[in-house]
Every structure is written in structure tokens, then in C-alpha cells.
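For reference, the structure discussed in these notes is given below.
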Amino acid sequence: MRSSSETQALFDILRQSTTPAAAGAIEALVREGSDRALCRVNALDFAATRGLNEEEAIAAFLHAARLGLFELAWNVLCPGCGGVLDTGATLKNVDREEYTCTLCAAGYEPTLDEMVEVTFTVSPNVRRIAAHDPHTLPVMEFYRQVFWGSGIDLPDDETLARDFEEITLDSLELPPGEKASMSLQAPEAFLIVIDPVVHLAQFIEVTGEPTRERQTLSAVLTMESPGSRVTIRPGPLRILFENRTSLRTLPSVWIGGDKLHGLMSKRRPFLTAKRLLTNQTFRDLYRTDTLDVDQRLKITSLTFLFTDLKGSTELYDRVGDLVAYDLVKAHFRALHEIVAAEGGAVVKTIGDAVMATFPSPDRAVAAALRMRAAMRDLGADLILKIGIHEGPCLAVMLNERQDYFGQTVNIASRVQGLATSPSIFATGPVVSNSRSAEILEEAGIIPSPKEHSLRGIAEKMAVFEIP
């Protein structure tokens with residue numbers, strides 16, 4: 001545990017790295033927040049409840065994690081129930097082709113859009129909280145802080161306790177290596193034997209004529225507990241549990257009805273891996289520590305923006321090397337600032353060209369309009385050629401940096417190549433986005449479509465010119 005003076009020194013550094021409001025809010029959270037509030041912090045919810053800009057809040061938590069005030073975690077989520085299927089300190093831990101949720105009885109190929117969240121938990125070196133010893137948490141707190149991801153919008157303690165009482169027929173705590181039994185009256189319903197520690201889910205269909213004879217089922221708790229489904233009759237039921245793990249387990253029998261579904265269906269926005277990868281602060285702080293060389297992680301929708309300066313060679317001839325160099329440098333600085341301000345990130349620069357990513361098309365359109373205006377302010381007749389496209393891609397490591405691969409990237413680059421004037425060129429998925437359309441309408445801009453043949457693309461594509 002760090003001394004109070006050491007911790008204060010880290011907060012002083014944090015204030016120099018981010019905005020005063022965000023740094024102050026994080027320091028107040030660490031000093032005054034409850035244990036629960038410091039476990040798996042949802043940066044977007046944190047920003048919303050404190051009136052902070054989301055990008056500033058994300059940047060502040062990233063700096064706080066880099067300083068050792070918080071621990072950053074990448075959690076693989078079940079898109080169905082919102083449960084955490086796996087967690088790791090880096091994205092390199094997302095290394096399975098499929099993740100299975102026994103509660104939803106389904107397997108999912110991981111994508112970085114909504115299946116991987118990023119959360120921040122206070123470091124035990126700064127403040128010790130209950131979740132640093134998760135297997136000592138009470139049952140409801142284990143579900144709150146460990147089992148479910150930060151996107152599940154759970155009710156207050158009193159309401160959650162009432163909901164749990166309504167859906168739970170029985171529950172117990174089972175120490176490592178121990179056996180226990182549970183006796184209950186099985187109603188005519190769909191029951192779930194669930195354990196949040198080993199992610200066990202066994203389904204019991206209770207139907208038919210009631211019986212007075214006791215029925216017996218068994219559940220062996222291991223870290224690889226398979227799901228199963230059985231049918232029994234309403235009546236006395238005994239379930240035998242055996243904990244073959246080195247951890248305390250928390251088996252329960254739930255009624256799988258509307259109350260349970262309603263509990264899991266209330267969601268709130270959370271920080272996705274996709275959004276973090278397109279964050280400039282993250283790319284600056286974690287340049288080479290993101291993916292393994294052989295990893296290929298899918299993103300179902302990412303927006304790419306390519307730029308290039310038209311006539312930069314002529315610019316050097318016209319104004320001289322020194323002036324031209326300063327102008328090109330100022331152009332790069334302006335683009336970086338605009339990309340970051342719109343929630344994007346510069347992936348790389350090649351000569352006078354920039355490749356940037358944004359989590360949604362509207363942010364790229366807003367950035368493009370601001371870029372064009374910035375070039376006018378710089379003067380010297382700088383013409384920035386801009387192309388935008390949105391679609392699926394792979395997040396990869398190339399040349400020791402996190403990069404992207406796929407046809408979407410190729411198309412975005414080709415679309416930029418069409419530009420010969422200050423007009424912005426964008427594909428249909430970009431301009432048809434509802435928020436992109438609002439931005440263009442507010443600016444009084446009407447995009448005009450035209451069919452184009454793009455090198456390497458078999459069929460002609462409709463590309464919109466944004467004048």
C-alpha cells in the first residue's frame with residue numbers, strides 16, 4: 001500500500017495530464033467513493049453522472065491507470081445476459097475463437113464492438129476494496145461487481161434484494177472441496193441451477209403431473225462446468241452439489257421467468273474495446289502493448305477517414321522548404337487535434353497522408369468538416385483530400401503498432417483517392433447514418449452521389465461528394 005503522500009503525488013501528476021474537472025472527480029472517487037463504486041468503473045456512466053465530457057473522462061482514467069492509480073481490465077461479455085465470460089489485464093487475453101455462456105446456452109465469436117468492455121478498478125496499492133478479494137463478497141455483491149458487466153443497469157440495493165428474493169427458490173455458499181444438498185418444492189416452471197463463480201447453468205423444465213416422490217439431481221462445480229437440461233415433475237426436489245474448485249461457490253436455483261429477464265435487460269452505455277482503440281490518448285499511452293502479433297480481432301463497424309495534401313510538392317517550390325515545412329507541420333497538428341476532439345485516433349501518417357479511425361460515421365463527418373475549415377484558416381491554398389468509409393475490419397498488429405486490415409480500409413483509401421478538390425468524398429453507409437445526415441443538414445450541405453470504379457473493387461460503388 002502506497003503512503004498518502006505517494007498517492008497524492010500521483011494525483012498531482014494526473015492533474016497535469018488531464019483536465020482539472022476529470023482529475024478532481026477521479027480523486028474524489030478514490031477518496032470518498034464506496035468500495036462498489038471503485039470496482040469496474042464504467043467511464044461513460046462516470047462522465048454522465050458527474051457532468052464530464054466523455055472523451056476527457058476516458059483520457060483521465062487512462063492516465064490514472066498508466067500512473068498505477070487504477071487497474072485497466074478488458075472483459076469479454078455475453079451479448080445476451082451481459083455477464084462477464086472472461087477478463088484480463090490486456091486485450092491479448094481475448095484469444096479464443098468462441099466464448100460460451102452457459103446461462104444463455106449459446107456460443108459467441110468475440111467482436112470488439114459490444115462484446116469486450118473496458119473498466120477501471122482502483123489499485124490495491126492505492127486503496128483496498130472488498131472486490132480485491134472477490135470470493136469474500138456477499139452473493140448479491142458478487143453478481144453486481146463480478147458476474148455482470150458494467151453495462152447492466154442494476155437497481156438499488158432494496159429493489160435488487162426484492163428481485164433476487166422473487167426469482168430465487170434457494171441458495172447456499174459452498175466452500176472449496178465441500179459437498180452440500182438443497183431440498184425444495186419444485187413448482188411448475190422453468191428453473192435454472194446457476195453458479196456465478198464457475199458460470200454453471202443447468203436448466204430444469206418442471207412440467208407434467210405433480211408427484212410426492214422426491215426427485216434427485218446432482219451438480220458438480222468445476223471451472224469447466226458444462227450446461228445441461230433435464231425435465232422433472234412438480235414436487236419435492238433434492239439437488240446434490242459438489243464443489244471441486246479451490247474457490248467458494250454460490251449455487252442458487254432461480255425461476256427463469258419475466259422477472260429475471262427484466263433484471264438482465266436493463267442496459268446502459270459502456271466503454272467498448274472498439275471505442276478505446278479509436279481513442280487518441282489510448283493509442284499514445286499504449287502504443288505497442290495492445291495485441292499479439294498473431295491476433296486478429298473482429299470489429300463489425302468502424303469508420304475510417306483518410307486524408308492527403310494535394311500539391312504538396314508544388315507547395316515546396318512555391319513558398320520554399322522552410323515555410324512549406326512549417327505549413328505541413330501545422331496541418332498535421334490541426335488534424336491530430338480535430339481527430340482527438342471528435343473521439344477518434346490517428347492510426348498512422350504516410351508522407352503527407354493521415355489514416356484515422358472513429359467509432360461512428362457522424363464523428364468522422366464532423367471531423368472532416370472541421371479539417372476542411374482548418375485548412376482554409378492555414379492559408380497557402382492548402383487543399384486537403386478527404387475520404388470516409390465505414391464497415392467491418394480486423395484489429396491487428398502491423399510493424400509493431402496496432403493497425404487495421406480488411407476491405408473496408410482499402411475502400412476508404414480508394415475513396416480518398418477520388419478527391420481532387422476541397423470536397424469530401426464518403427460512401428453510402430457514412431452519409432446515410434442518421435447523425436451524419438443531421439450534421440450535414442445543419443451545415444446546409446447536400447451530398448451528391450455518383451457511381452465510381454475503385455481499384456481492386458469488382459463492382460462500381462456510389463460515392464457521395466460533400467461540397
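The values are calculated or read from the model by the stated rules, or taken from the named source; none is laboratory data. Computed from a predicted structure; not experimentally measured. Cβ sites come from the backbone with ideal geometry, for glycine too, and all protein chains shown count toward neighbours.
In the set Ile350, Ile388, Ile383, which member is β-branched (Val, Ile, Thr) and modelled with pLDDT of 95 or more? Spell out how you get there, then give the answer.
Numbers: Ile350 fails: modelled with pLDDT of 95 or more; Ile383 fails: modelled with pLDDT of 95 or more.
None of the others qualify; the one that does is Ile388.
Tell me the strands (runs of 3 or more DSSP E) entirely within region 370-467 that contain at least 1 residues that are among the aromatic types (Phe, Trp, Tyr) and over 17 Å from Thr357 (Cα atoms). If you could, list the steps in order and put the result at the bottom.
Details: elements: 383-398, 401-405, 424-427, 448-452, 461-466.
Here the list reads 461-466.
From Arg212, Arg162, grab the single residue that is basic (Lys, Arg) and in a loop (DSSP other than H, G, I, E, B).
None of the other options fit; the residue is Arg212.
For region 343-364, give me each residue that is within 20 Å of Ser423 (Cβ to Cβ), touching a Phe, Trp or Tyr at 6+ places or on another chain (Cβ under 9 Å) and buried (at least 23 other Cβ atoms within 10 Å of the Cβ).
Val354, Ala356, Phe358, Ala364
In region 1-22, which residues are farther than 30 Å from Asp157 by Cβ and either charged (D, E, K, R) or within 24 Å of the chain's Cα centre (by Cα) (or both)?
The answer is Arg2, Glu6, Asp12, Leu14, Arg15, Ser17, Thr18, Thr19.
Test Lys266 against the stated conditions and say whether it is within 30 Å of Leu112 (Cα to Cα) and surrounded by 15 or more Cβ atoms within 10 Å (Cβ to Cβ).
No.
Would you point out which residue out of Val146, Val122, Val139 is under 25 Å from Asn279 (Cβ atoms) and either in contact with a helix residue (DSSP H, G or I) (Cβ under 9 Å, 6 or more places away or on another chain) or surrounded by 20 or more Cβ atoms within 10 Å (Cβ to Cβ) (or both)?
Of the residues listed, the single one that is under 25 Å from Asn279 (Cβ atoms) and either in contact with a helix residue (DSSP H, G or I) (Cβ under 9 Å, 6 or more places away or on another chain) or surrounded by 20 or more Cβ atoms within 10 Å (Cβ to Cβ) (or both) is Val122.
Which one of these does Asn125 not meet: (1) assigned by TED's automatic domain parsing to the domain that holds Ala28; (2) over 30 Å from Lys298 (Cα atoms); (3) modelled with pLDDT under 95?
(3)
Would you confirm, using the coordinates I've provided, whether Leu440 is in contact (Cβ under 8 Å) with a residue 24 or more places away in the chain, farther than 18 Å from Ala345 by Cα and hydrophobic (A, V, I, L, M, F, W, C)?
In short, yes.
Report, ordered by the first and then the second residue, all pairs with beta carbons closer than 6 Å, sequence separation of six or more or different chains, a first member in region 343-368 that is farther than 19 Å from Thr281 by Cβ, and a second member that is among the hydrophobic types (A, V, I, L, M, F, W, C) and part of a strand (DSSP E or B).
Here the result reads Asp352/Leu309; Ala368/Ile386; Ala368/Ile424, each pair linking region 343-368 to a residue that is among the hydrophobic types (A, V, I, L, M, F, W, C) and part of a strand (DSSP E or B).
Filter region 237-288 down to the residues that are part of a loop (DSSP other than H, G, I, E, B) and either modelled with pLDDT under 90 or within 20 Å of Ile204 (Cα to Cα) (or both) and list them by number.
Answer for region 237-288, where residues must be part of a loop (DSSP other than H, G, I, E, B) and either modelled with pLDDT under 90 or within 20 Å of Ile204 (Cα to Cα) (or both): Leu250, Pro251, Gly256, Gly257, Tyr286, Arg287, Thr288.
Give the number of residues within region 291-313 that are closer than 17 Å to Met115 by Cα and either of a type in the set (Phe, Trp, Tyr) or in contact with a strand residue (DSSP E or B) (Cβ under 6 Å, 6 or more places away or on another chain) (or both).
Of the residues in region 291-313, 7 are closer than 17 Å to Met115 by Cα and either of a type in the set (Phe, Trp, Tyr) or in contact with a strand residue (DSSP E or B) (Cβ under 6 Å, 6 or more places away or on another chain) (or both).
So which residues in region 54-70 are farther than 13 Å from Ile13 by Cβ and touching a helix residue (DSSP H, G or I) at 6+ places or on another chain (Cβ under 7 Å), if there are any at all?
Within region 54-70, Glu54, Glu56, Ala57, Ile58, Ala59, Phe61, Leu62, Phe70 qualify.
What number goes with the only condition from (1) touching a residue at least 40 places away in the same chain (Cβ under 8 Å); (2) over 29 Å from Thr159 (Cβ atoms); (3) surrounded by 15 or more Cβ atoms within 10 Å (Cβ to Cβ) that Leu240 does not pass?
Among (1) touching a residue at least 40 places away in the same chain (Cβ under 8 Å); (2) over 29 Å from Thr159 (Cβ atoms); (3) surrounded by 15 or more Cβ atoms within 10 Å (Cβ to Cβ), the lone unmet condition for Leu240 is (3).
Please go through region 49-83 and give me each residue that is touching a residue at least 40 places away in the same chain (Cβ under 8 Å), among the aliphatic types (A, V, I, L, M) and surrounded by fewer than 23 Cβ atoms within 10 Å (Cβ to Cβ), ordered by number.
Scanning region 49-83 gives Ala65, Leu67, Leu72, Ala73, Val76.
Starting from region 119-145, keep only residues that are without any contact (Cβ under 8 Å) to a residue 12 or more places away in the chain, then list their pairs with residues that are surrounded by fewer than 19 Cβ atoms within 10 Å (Cβ to Cβ) and not small (Gly, Ala, Ser) whose Cβ atoms are within a distance under 6 Å, requiring at least 6 positions of separation or different chains.
What qualifies is His132/Pro124.
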